[in-house]
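Here the structure is laid out as C-alpha cells; the discussion comes afterwards.
Only the coordinates and a few stated rules stand behind these numbers; no lab work does. Model, not experiment: these values are computed from the prediction. Here the Cβ positions follow ideal geometry from the backbone for every residue, glycine too, while neighbour counts run over all protein chains shown.
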Amino acid sequence: MPAIGLGTFGSDKYGPAEVAAAVREAASVGYRHFDCASVYRNEPEVGEALQGVAADGISRESLWITSKVWNDRHHEVEQSCEQSLADLKLDYLDLYLVHWPFPNSHGPGVSVDSRDLHAVPFVHEQFMETWRQMERLVDRGLVCHIGTSNMTVSKLTGVLRDASVRPAANEMEIHPHFQQPELFDFCVREQILPIGYCPIGSPSRPERDRTPEDTVDTEDPVIVAAANRLGVHPAVVCVLWQIQRGSVPIPFSVKRSQFEPMLRAVETMRLTDEEMAQIAGIDRNCRLIKGQVFLWESATGWEDLWD
C-alpha cells in the first residue's frame, strides 16, 4: 500500500465531478492510492477518472484502490462489492472494508439529530455474518485484502478470535489531536495496518459532525512551529507525523495546490525526533467524527458507539 492516499469523500461540499477530476489530476502528479466507498455516491465518476488514468499509461497494478460496504448492505456484501467494481470499472479491489460495524444507516445530508428507526447496538455474531461474506470475496478473487473501519479494541478482539481471514487493515480517525494510542498500538501489535482518515482534522467535514468543543490541529503551536521550520502548510506536518508514526493517511482535497505539496513532502521531508515527541504530547482525545446519526433508541450518547 502506498504510504499516502487520496480520500474521495466529498462531504457536503464537493460533487462527484469535482472529486473525479481530483483523482485524475492526483494520479498525474504521482498519487497511486485512492480511498473510495459506495456511500460517497461518486464511484461511477471516479471509475471514469480511473479509466482516464489508465489511458494516461498508469497501470492498474501500480494503483491501490480501496472501497467499502455501506451499513445498509451488511446482508449483501458480495452484491455491494460487485456493484462497486462495476462502478469503478475494475476487475478487483486491493482492499475492501466494512465501513462501520453497525447496520445502522442514514440518508445523504441528514442532520445530527437524524436517527435510523431500525438502528441497533453492535452485535458480534451479526458482524461475523457480515465478515464471512467479506471472506468469500477473497475466495472469489474479487478483493486482495479485507479490513475493518471505525472499530474499537474490544470489537476487533472478537473478530480476530473468530475470523478465518484476519483483517489486513483498520481505517480509523487519526490526527495529532486524536491519536488513539490504545487502538493504534493494538493494530500494530496484531499486524493490522492503521489507515488514518481526517489526518489534518477534517476541515471539510459535514456540519453534523461539528461540535463546540472541537479543536483545530493545524492551529496548534507545535504543528505550526514544525511547519514554519519546514516552510510548509501545517496540514503537511499532520500528514508527515502520521506516516512517520506508522499509519497511512488518506487526506481529502480536490485542489492540486493542497494535495501535491503533501505528496512532495512525503517524498522529501521528515520531522525530527524532537518534533515527533512534541506532537505525541498534544493529543487532546478530540474525536471529530462522532457518529451520532448511527445511535439506537436506548443509547445514552455517541460514546456508546465506541465502547
Relative contact order (percent, whole number), the chain, Cα cutoff 8 Å, 6+ residue spacing: 21 percent
Over segment 239-306 - Rg/Rh using Cα atoms and the Kirkwood inverse-distance radius: 1.12
Antiparallel DSSP beta bridges within the chain, percent to nearest 5: 5 percent
Per residue Cα convex hull volume in Å³ - calculated over segment 1-118: 105 Å³
Per principal axis, descending, Cα span of the chain in whole Å: 50, 49, 37
Neighbour-count order for Leu240, Leu88, fewest beta carbons within 10 angstrom listed first: Leu88, Leu240
Segment 32-101 - percent relative contact order, Cα under 8 Å, separation 6 or more: 42 percent
Segment 71-166: GluC sites (Glu not before Pro) in DSSP coil with no more than 16 other Cβ atoms inside 10 Å: Glu76
Long-range amide H partners of Trp64 with built H, under 5 Å: His33, Phe34
Kirkwood hydrodynamic radius of segment 151-307, from inverse mean 1/r over distinct Cα pairs, in Å: 16.7 Å
Sorted by Cβ density within 10 Å, fewest first, the residues Thr66, Thr211: Thr211, Thr66
Neighbourhood net charge (15 Å Cβ-Cβ; Lys/Arg +1, Asp/Glu -1) for Gln133: -4
HN-Hα J in Hz across segment 152-159 - Karplus 6.51, -1.76, 1.60, θ = phi - 60°, x for Gly and Pro: 10, 4, 5, 5, 5, 4, x, 5
For segment 47-97, projected area of the alpha-carbon convex hull averaged over all directions, nm²: 3.4 nm²
Values of log10 I(q)/I(0), in the order q = 0.13 Å⁻¹, for segment 93-191 under a Debye, Cα-only, solvent-free model: -0.52
Inverse of mean 1/r across different Cα pairs in segment 1-65, Kirkwood, Å: 11.7 Å
Cα-based equivalent ellipsoid, segment 201-264: semi-axes from gyration tensor eigenvalues, Å: 20, 15, 12
Angstrom value of the Kirkwood radius, inverse mean 1/r, which spans all Cα pairs in segment 143-230: 14.8 Å
Cα-based reach from Lys290 at 28 Å (exclusive), listing lysines while leaving out same-chain residues under 8 positions away: Lys13, Lys68, Lys155, Lys255
